[in-house]
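**Q** Would you mind keeping the following structure in view while I ask a few things?
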Amino acid sequence: MVAHSPFIPPFWLRHGHAQTIYGSLWAPAPAVPWKREIWPCPDDDFIHVDRWGETPDRPTFVIFHGLEGNTQSSYVKAMAHHAKQRGWNVVAPNFRGCSGTINRAPRLYHAGDSAEIHWILEQLRDSSSLPLFAAGISLGGNMLLKWLGEQGKAATKLLTAAAAIAPPLELAKVGRHLDTGFNRIYSRHFLASLKLKAREKFRQYPGLFDLASVLRATTLREFDDHFMAPLHGFSGVDDYWTRASSKPWVQSITVPTLLLNAKDDPFIPTDAHLLPQECPPALHLDQQPHGGHVGFVSAPFPGRLQWMPERILQHLSSHA
């Protein structure tokens, strides 16, 4: 690994919550001239995929967003901007129902949907033989790591290198953590958005699930138990959180992968961070003291979303 300078937060954004909230809501993000495509899915559904650049002799960088994110999320645009500066093509899928248009099928996206990751990467590999890189952020990071572990050596046929930023490796621990104390501000934010999608899905498929129980949910655990789990073939929230977690799969990763997180990430409890001895040779662990959850906002004011994309692109380009 090429040496990289540590992340140093500005004095006014040293706390993990400050990095998380400011980075998500107020840190300036570059404009990205996305070109939108509609991809038909194998199950007669569709996803919206945004592209920036289609130069045939350049690598392609795929960015998988997090829970209730999309290609307009500040971290996605910052990563895309830095990749384009290197001359790479950028592809950013919007998971099902996240593009602003509800999808057709009686499902959405979920934390363990590695099959969707596989299908997307296969489409991109079929269209080019040049290096293909991928980064997953938060929930997208969990999905990507799970796919990397499930595929093992077969993943090297599709991906040259990968990165995961602040992935919730153990969903049960993270889910319980987000439903306590100050963290409930994040849970309420996610629930408000997810319940709107549940209403839309119920209008498409009346009786598909118990809408009243979904709307009464006050925690992510209750919501996932009544909506995400049954909608995606799990017997309940415990089955969903167990089977969708990526941690059991990390030992099988063979693609050169960077796992970047911050020790002050308010989403991830201390006992849910990966330990160095749990990493296989292909997985490089970078745990910064500060940065919050997908924050890493650096000085000067009003802040720059620069350090994290540079760190990710430095890792990926070292394997180009």
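The values are calculated or read from the model by the stated rules, or taken from the named source; none is laboratory data. Everything numeric here is computed off the predicted structure, so don't read it as measured data. We place every Cβ from the backbone using ideal geometry, glycine too, and count neighbours over all the protein chains shown.
**Q** Give the residue, chosen from L313, L260, that is in contact with a His (Cβ under 7 Å, 6 or more places away or on another chain) and not in a loop (DSSP other than H, G, I, E, B).
**A** On inspection, the qualifying residue turns out to be L313.
**Q** Looking at E122, E170, E116 in this structure, which one is surrounded by 16 or more Cβ atoms within 10 Å (Cβ to Cβ), of a type in the set (D, E), closer than 15 Å to I63 by Cα and modelled with pLDDT of 95 or more?
**A** Step by step, each of E122, E170, E116 is checked, and only E116 is surrounded by 16 or more Cβ atoms within 10 Å (Cβ to Cβ), of a type in the set (D, E), closer than 15 Å to I63 by Cα and modelled with pLDDT of 95 or more.
**Q** Looking only at region 88-137, which residues are in a strand (DSSP E or B) and aliphatic (A, V, I, L, M)?
**A** Listed by number, the residues that qualify are V90, V91, A92, L132, A134, A135, I137.
**Q** How many residues does region 277-303 hold that are at pLDDT below 95 and touching a strand residue (DSSP E or B) at 6+ places or on another chain (Cβ under 8 Å)?
**A** Residues in region 277-303 being at pLDDT below 95 and touching a strand residue (DSSP E or B) at 6+ places or on another chain (Cβ under 8 Å): 0 in total.
**Q** Separate question: Find the residue count for region 238-275, including only residues that are over 19 Å from D286 (Cβ atoms), of a type outside the set (S, T, Y) and crowded, with 23+ Cβ neighbours inside 10 Å.
**A** 2
**Q** I need the full set of residues from region 152-167 which are surrounded by 15 or more Cβ atoms within 10 Å (Cβ to Cβ) and either in a loop (DSSP other than H, G, I, E, B) or free of Cβ contacts under 8 Å to residues at least 40 places away in the same chain (or both), in order please. If you could, list the steps in order and put the result at the bottom.
**A** Step one: filter region 152-167 for residues surrounded by 15 or more Cβ atoms within 10 Å (Cβ to Cβ), giving 155-156, 158-167.
If the condition is that a residue be surrounded by 15 or more Cβ atoms within 10 Å (Cβ to Cβ) and either in a loop (DSSP other than H, G, I, E, B) or free of Cβ contacts under 8 Å to residues at least 40 places away in the same chain (or both), then L158, L159, T160, A166, P167 are the ones that fit.
**Q** In region 36-78, what residues are farther than 29 Å from K201 by Cβ and either assigned to a strand (DSSP E or B) or under 21 Å from the mean Cα position of the chain (by Cα) (or both)?
**A** W52, P59, T60, F61, A78
**Q** Output yes when any residue across region 93-105 is closer than 22 Å to S318 by Cα and either touching a helix residue (DSSP H, G or I) at 6+ places or on another chain (Cβ under 6 Å) or among the acidic types (D, E) (or both), and no when none is.
**A** So far as region 93-105 goes, no, none of its residues is closer than 22 Å to S318 by Cα and either touching a helix residue (DSSP H, G or I) at 6+ places or on another chain (Cβ under 6 Å) or among the acidic types (D, E) (or both).
**Q** Right, here's the next one. Given T242, T254, T218, which one is under 23 Å from the mean Cα position of the chain (by Cα) and outside any helix (DSSP H, G or I)?
**A** Among T242, T254, T218, only T254 is under 23 Å from the mean Cα position of the chain (by Cα) and outside any helix (DSSP H, G or I).
**Q** May I ask you to say which residue of A78, A115, A105, A92 is in contact with a Leu (Cβ under 9 Å, 6 or more places away or on another chain) and aliphatic (A, V, I, L, M)?
**A** On the way: A115 fails: in contact with a Leu (Cβ under 9 Å, 6 or more places away or on another chain); A105 fails: in contact with a Leu (Cβ under 9 Å, 6 or more places away or on another chain); A92 fails: in contact with a Leu (Cβ under 9 Å, 6 or more places away or on another chain).
That would be A78, the only listed residue that is in contact with a Leu (Cβ under 9 Å, 6 or more places away or on another chain) and aliphatic (A, V, I, L, M).
**Q** If we keep just the residues of region 190-215 that are in contact (Cβ under 8 Å) with a residue 60 or more places away in the chain and part of a helix (DSSP H, G or I), which is farthest from T101 (Cα to Cα)? Give the derivation first.
**A** So in region 190-215, the residues in contact (Cβ under 8 Å) with a residue 60 or more places away in the chain come out as 190, 193-194, 197, 200-201, 204-205, 208.
Imposing the further condition that a residue be part of a helix (DSSP H, G or I) reduces the set to 190, 193-194, 197, 200-201, 204.
Working: F190: 18, S193: 13, L194: 14, K197: 10, E200: 10, K201: 11, Q204: 13 Å.
Checking each candidate, the answer is F190.
**Q** Would you mind stating whether V250 is in contact (Cβ under 8 Å) with a residue 40 or more places away in the chain and either in contact with a helix residue (DSSP H, G or I) (Cβ under 8 Å, 6 or more places away or on another chain) or over 24 Å from G136 (Cβ atoms) (or both)?
**A** Yes, satisfied.
**Q** Does region 19-35 contain at least one residue that is assigned to a loop (DSSP other than H, G, I, E, B) and exposed (fewer than 11 other Cβ atoms within 10 Å of the Cβ)?
**A** Within region 19-35 (the criterion being assigned to a loop (DSSP other than H, G, I, E, B) and exposed (fewer than 11 other Cβ atoms within 10 Å of the Cβ)), the answer is yes, since at least one residue qualifies.
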